[in-house]
Amino acid sequence: MLNTNTFDTAEARLGATYFVEQHLRRHGASLCDLLDALDDRNGFASLCDLHGAFGRPIPDTDAVEAALRDIRRILAEQSPSSLDRIGHDRGLPASDMARWHGARISELLARFRHAE
């Protein structure tokens, strides 16, 4: 017998992944600029992992969620002084960017939590 709960959960996770993909299309360049400017290269690697998860006919929802969690963690770990230095050195509003992207990523992750 078909387990509709499993199907519904999988469908909801794919829907959450779709929203992530749409977000990246609109705001991925800005996130890329920010992650590239950070001293932590794991953030940029996580963004690459995120893009890689979409390189399949059916996106890997677990990989998308894991990459988002890593990126959110890395953004949250940045000290204000580090973000200020990046802002000064690179001419980026790094503090504002980190807050904005962190909030959007949290919203996207909430879609995965609601899918369970």
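The values are calculated or read from the model by the stated rules, or taken from the named source; none is laboratory data. Quick caveat: nothing in here was measured; it's all calculated off a predicted structure. With ideal geometry, Cβ positions are generated from the backbone for all residues, glycine too; neighbour counts draw on all protein chains shown. Just so you know, the surface numbers come from the protein's heavy atoms only, side chains and all, with ligands and any DNA or RNA stripped out. Shrake-Rupley method; radii C 1.70, N 1.55, O 1.52, S 1.80 Å.
Taking PRO57, is it open to solvent by 80 Å² or more (accessible area, probe 1.4 Å) and in contact with a helix residue (DSSP H, G or I) (Cβ under 8 Å, 6 or more places away or on another chain)?
Against the criterion (open to solvent by 80 Å² or more (accessible area, probe 1.4 Å) and in contact with a helix residue (DSSP H, G or I) (Cβ under 8 Å, 6 or more places away or on another chain)), PRO57 does not qualify.
Can you tell me which residue in region 36-50 is surrounded by the fewest Cβ atoms within 10 Å (Cβ to Cβ), limited to those that are outside any loop (DSSP other than H, G, I, E, B) and touching a residue at least 12 places away in the same chain (Cβ under 8 Å)?
Pass one, region 36-50, residues outside any loop (DSSP other than H, G, I, E, B): 36-37, 41-50.
Applying the additional criterion that residues be touching a residue at least 12 places away in the same chain (Cβ under 8 Å) yields 37, 42-44, 46-47, 49-50.
Numbers: ALA37: 21, ASN42: 14, GLY43: 24, PHE44: 18, SER46: 21, LEU47: 22, ASP49: 18, LEU50: 23.
Filtering region 36-50 for residues that are outside any loop (DSSP other than H, G, I, E, B) and touching a residue at least 12 places away in the same chain (Cβ under 8 Å), the one surrounded by the fewest Cβ atoms within 10 Å (Cβ to Cβ) comes out as ASN42.
Would you point out which residue out of ARG69, ARG90 is touching a helix residue (DSSP H, G or I) at 6+ places or on another chain (Cβ under 7 Å) and either buried (at least 18 other Cβ atoms within 10 Å of the Cβ) or under 18 Å from ARG111 (Cα atoms) (or both)?
So the residue among ARG69, ARG90 that is touching a helix residue (DSSP H, G or I) at 6+ places or on another chain (Cβ under 7 Å) and either buried (at least 18 other Cβ atoms within 10 Å of the Cβ) or under 18 Å from ARG111 (Cα atoms) (or both) is ARG69.
For a quick check of your reading of the model, give me the residue pairs whose first member lies in region 52-79 and is of a type in the set (Ser, Thr, Tyr), whose second is at pLDDT below 95, with beta-carbon atoms closer than 6 Å and at least 6 apart or on different chains.
THR61/ARG13
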